[in-house]
Structure formats: C-alpha cells, structure tokens
Amino acid sequence: MNKLILRQEVFRKTQELIDKHGPRLAGTKSNLSAADDLFLDIKSFADHAHHEDFHVYQGAFLGWIRILVFNFVLGTVFLWIGYPWVTAILALVSVLILYIQFILYKPLLDRFYPKRQARNVYGVIEPEGEVLQDIIISGHHDSAHVFNFFIHQPNLYNLRTTGSIGLVFGLLSASVLLYFLPNMPILTLTIQILATLAILLVGQMWFFYSKKGTPGAGDNLVATMIAIALGRHFAELKREKKGLKHTRLWIVSFDAEEEGLRGARAFAKKHQGIFKKHPVYLLNADCLYDEKELFFLTSDLNDTVKLDDELTSDLVNVASQLNIPTKTQKLAFLTGGTDAAELAKIGVKATTLIGMPWTNSNRSAVYHTPNDTVSHVHPKVVEDSLNIFYHYVIQKDKSVKHPSIPQQ
C-alpha cells in the first residue's frame, strides 16, 4: 500500500467535495448532492454499491437547548410569583428532555421539527472465498452546525455549557426546597435573586449554535475519504487476485451523524439481519486532526454504550507494530457520541478512531467552526489512520477460521 498516494487522494477528494458542495448540514440539498458524488465514487470500484434514504427531522437533535433556556427563564418567573412547584415541573421537564434527547440520543423531539431527506451510501467488496466475517470502514459526510461557543471565548465553553446544565439541576433542587419550606422569606428571596442572576449564564445557551454549517473536513469528510481510499485499494488487490480471502469489506459513509447519529441508526436497522450471520467489526473514524492525539473509543454515547475491548486492544496492538502511538479511552459524559454507538447496539464489534482531545474543556481549536478545513488536518494523521486500518484488515483476514475447522 502506497500511503503517500492514498493520503494525497484523501486530501484531494476532500477538498474537491468541499469546494463543490460547501457546508453539508443533514437534510439539505448540498448534503444529498455530496452523498450522490460519494456513491458514484464508491460504485466505481465496489462489487456493488447502494444509497439508502431515510428521514431526518432537521434541528431536532439540538432542540433541547432552547427548551432548557425557555423553561429556566419561565421557571424563575414562577419563583417570583410564588409557584415553586411550577418551577420544579419546568426544571424536571428540562432534565428529562436533556437525558432522553442528548444523553441517550432518543428521538423525543423529532416530530416537532421539519422532516427532511437524508442519504447513507455504501459499497461492498466481496472476498475471493466464502464470507466468514464482515469489516466495515466508515465515516460520515454531513457537517456540523457552527458552535458559536467554540468561536467566542472557547476557553469558557465548559463553564457555559456544563455550568448551564448544572444550574438547571440547581433550580430543580431549589424549587423543591421552597415548596416544602414555604414560610422562609430570606431563603425564598435569596433563591429568587440567585436564579435571576443565573439567567445571565443559562440565557447564553440560546445562541449556542449557528444556522450555518462548517466545511466539515476533519469532522468528518476526511474519515469518509479514508474509507473510500482503502476500499479502492482493496478492490485493486482483488482484481490482481490478491484480495481478501474470507472478509467481506463494507465502505460506508453515514449521513446525519450530527443530527444524533440518525444515519448510523437507519443503517443498523436496515442491515441487522445480515449482521447476525457472521462476526462483524466496525472501524469508524471521526475528528481526525492530530496524529499525536489518536485513540480508540471503548465506550460511546456519553459513556452509556460499551464498545468492544478486544477490537480496540487488537487495533492498539496493530498500531504498536507500526510504531504509531495510540491508546484507548472512554467517551466522557456530556461530550456526545459517534456512529459506532448505533452499530454496537445491534451486536457489531465496534470502535471509533479519534484524532483530537475529547473533553468539553479541550478539543481541537477548529472543531465545529468555519476553520474546519483540510489545512487543519495533519497529513500524518491521515497516513497513520490508513496504515492502522489497512493492516488490521489484512491481519484479521489471515486469522479468520472456518467455524467447521477446529482451531489449534
């Protein structure tokens, strides 16, 4: 495998797609057109290629944010007019919506938002022999909304987001306290004043994200192009009679990852039957910016979904053989999720390779901003990702055993 040629291909095609389609928010024409171009690219080398449409409810995933702000302000008003039980109900509703919509990524609010078309694309390269396992290499092609908090005072991001959520819990606790201790005027006035002051912080969340989308190079078009470059390479090996023997390779680009993993969820639902026939491994990638920050996820979806320890261990070992420093890491609470979560839910052995720090207090400076361009993706992180995934697939194919043949 010529890493330099594949790396150049990844960067060239990423830039071409960004130049042609610009930001690609899920549910927009530009994103559907980008998916069509990716489909044609995959079709040019895969044994068979497909695009699968589904519906996304545009804006629903982040809808909980403004509900949180509205309920907080309204709840504070009810504190002042002497109805703390109403405040408690409003705060509790905010907490439940936060938990269901953002922590678990459930479609609680979807029905209240405009229904739009979205499109997954994928191709399959069949092995030379009998299929004994499936390996999926994936990224996502939709880009994110610009997060204003990452542009303006990014060093305060954690305070402004996690702090605001903490204040909602504080309002809930304080309103319950006032309900059971109604005849304490000093306590009541103190809580009323503190809640009013807290609006200054919570209210900023109304402007958390912009209607504009990012170019979405590192998050996450580069990962899709890595998958396609590897797919093309394995297809060439197959034409040369040097292809995979018993591994069916899937090259997948998900849509609507930034709308709560809806594309990966639709893909998992569509293919869960076939994925029960053989062992299936998902090599997903997201936010590849810096080779010094490479790690494999061992959990996902705000640390609520367990990923496969054996897979991540094998990948770290492959990276070590290639002298590429990597590690494993859980996905921290309140930091979101990746497409690997939806495949893991149906039994796929899954992980995501990430190339940036992943905490609310420390992420790439260009993440979810207009500066998410190819110039901020390190060439070495693309080379390393190609190298790890390629050698893992080769080693995994060589080690697969037919279930009817006793293993030594």
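The values are calculated or read from the model by the stated rules, or taken from the named source; none is laboratory data. Since this is a predicted model, take the numbers as computed values, not measurements. Glycine gets a Cβ as well: all are built from the backbone with ideal geometry, and neighbour counts include every protein chain shown.
Among the residues of segment 1-36, those that are closer than 29 Å to Gln58 by Cα and free of Cβ contacts under 8 Å to residues at least 24 places away in the same chain comprise Glu16, Asp19, Lys20, His21, Lys29, Ser30, Ser33. Only a single item in (1) in the same structural domain as Ala34 (by TED's automatic domain parsing); (2) hydrophobic (A, V, I, L, M, F, W, C); (3) over 17 Å from the mean Cα position of the chain (by Cα) is not met by Leu98, and it is number (1).
Tyr105: without any contact (Cβ under 8 Å) to a residue 12 or more places away in the chain and hydroxyl-bearing (Ser, Thr, Tyr), yes or no?
On the way: without any contact (Cβ under 8 Å) to a residue 12 or more places away in the chain: no; hydroxyl-bearing (Ser, Thr, Tyr): yes.
Answer is no for this residue.
In segment 367-408, the residue that is modelled with the lowest pLDDT out of those that are part of a loop (DSSP other than H, G, I, E, B) and charged (D, E, K, R) is Lys401. Say whether the condition of being crowded, with 18+ Cβ neighbours inside 10 Å, at pLDDT below 95, under 15 Å from the mean Cα position of the chain (by Cα) and assigned by TED's automatic domain parsing to the domain that holds Gln133 is met by at least one residue in segment 343-353. No, that holds for no residue. Of note, Asp290 satisfies the criterion of being in contact with a helix residue (DSSP H, G or I) (Cβ under 7 Å, 6 or more places away or on another chain), modelled with pLDDT of 95 or more and among the acidic types (Asp, Glu).
Taking the numbered list (1) touching a residue at least 12 places away in the same chain (Cβ under 8 Å); (2) at positive phi in turn, Asn323 passes all entries but (1).
Of everything in segment 202-250 that's acidic (Asp, Glu) and in a helix (DSSP H, G or I), which residue is nearest to the chain's Cα centre (by Cα)? Out of the qualifying residues, it is Asp219.
Among residues belonging to segment 266-302 that are in a loop (DSSP other than H, G, I, E, B) and among the charged types (D, E, K, R), point out the one that is nearest to Ser364 (Cα to Cα). Within segment 266-302, the match that is nearest to Ser364 (Cα to Cα) is Asp290.
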